[in-house]
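What follows is a single structure, written as C-alpha cells, with notes after it.
The values are calculated or read from the model by the stated rules, or taken from the named source; none is laboratory data. The model shown is predicted, which means the values in this text are computed figures rather than measured ones. Backbone-built Cβ (ideal geometry, glycine too); neighbour counts: all protein chains shown.
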C-alpha cells in the first residue's frame, strides 16, 4: 500500500478515535505529500526515497520545535509535538542501532580505502545513500568522523 493511501486510511481511523494530535500529524503529512505530488515539474508520483526524506524532515521539524518549547518551559506545546513525532516515526523504516551503524560504516571505509578524516566526503557519499531512512545524517556523520579519526 502506498504511503498516501496508508495516511488516508489512518486519518479516517484517527477521526473515529477522536485523536486530535494524531489527526493533526497525519493531515500535515497528507498536505506535504499533496504539495510534492503537485509541485512544478512533478510527475504526480512520489518515490519511496522522497517519502522517507519528507517524513524525516517533518520529524526533525517537530523535534526542533519540541526542544524550543521545552527550553521555554511550555509543556502544553512540548507534549503534542513529541506525540506527533511518535505517530510520524511509524511510517519510517526502523532505525538501525549504533553498533550496527558502526559495522556498516566500517565496511564502507574498507571498501573505499579511506585513510583519515580527509576522506570523509568519499565515505559520507556512500554511507548516506546506503543508510538513507535508517539513520539520521548527523548520526552517520558523527560515526564516520569517529571511525576515521581512530
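The residue of the stretch 94-114 that is nearest to the chain's Cα centre (by Cα), among those that are surrounded by 14 or more Cβ atoms within 10 Å (Cβ to Cβ) and assigned to a loop (DSSP other than H, G, I, E, B), is 95.
Being buried (at least 17 other Cβ atoms within 10 Å of the Cβ), under 24 Å from residue 142 (Cβ atoms) and free of Cβ contacts under 8 Å to residues at least 40 places away in the same chain is the filter here, so list the residues in the stretch 56-80 that pass it.
We begin by selecting, within the stretch 56-80, every residue buried (at least 17 other Cβ atoms within 10 Å of the Cβ); these are 56, 58-59, 62, 65-66, 69, 78, 80.
Subsequent filtering for residues that are under 24 Å from residue 142 (Cβ atoms) retains 56, 58-59, 62, 65-66.
Scanning the stretch 56-80 gives 58, 59, 62, 65, 66.
Going by what's in this entry, would residue 53 be described as in the same structural domain as residue 116 (by TED's automatic domain parsing), out of contact with any helix residue (DSSP H, G or I) (no Cβ under 7 Å at 6 or more places or on another chain) and in a helix (DSSP H, G or I)? It is false that residue 53 is in the same structural domain as residue 116 (by TED's automatic domain parsing), out of contact with any helix residue (DSSP H, G or I) (no Cβ under 7 Å at 6 or more places or on another chain) and in a helix (DSSP H, G or I). Would you confirm whether any residue within the stretch 93-111 is within 20 Å of residue 4 (Cβ to Cβ) and either without any contact (Cβ under 8 Å) to a residue 60 or more places away in the chain or touching a strand residue (DSSP E or B) at 6+ places or on another chain (Cβ under 8 Å) (or both)? Yes, the stretch 93-111 contains at least one residue that is within 20 Å of residue 4 (Cβ to Cβ) and either without any contact (Cβ under 8 Å) to a residue 60 or more places away in the chain or touching a strand residue (DSSP E or B) at 6+ places or on another chain (Cβ under 8 Å) (or both). In the set (1) at pLDDT 85 or above; (2) not in a helix (DSSP H, G or I), residue 45 fails one condition alone, (1).
For the criterion of being closer than 19 Å to residue 92 by Cα, without any contact (Cβ under 8 Å) to a residue 12 or more places away in the chain and either in a loop (DSSP other than H, G, I, E, B) or in contact with a strand residue (DSSP E or B) (Cβ under 9 Å, 6 or more places away or on another chain) (or both), residue 40 fails.
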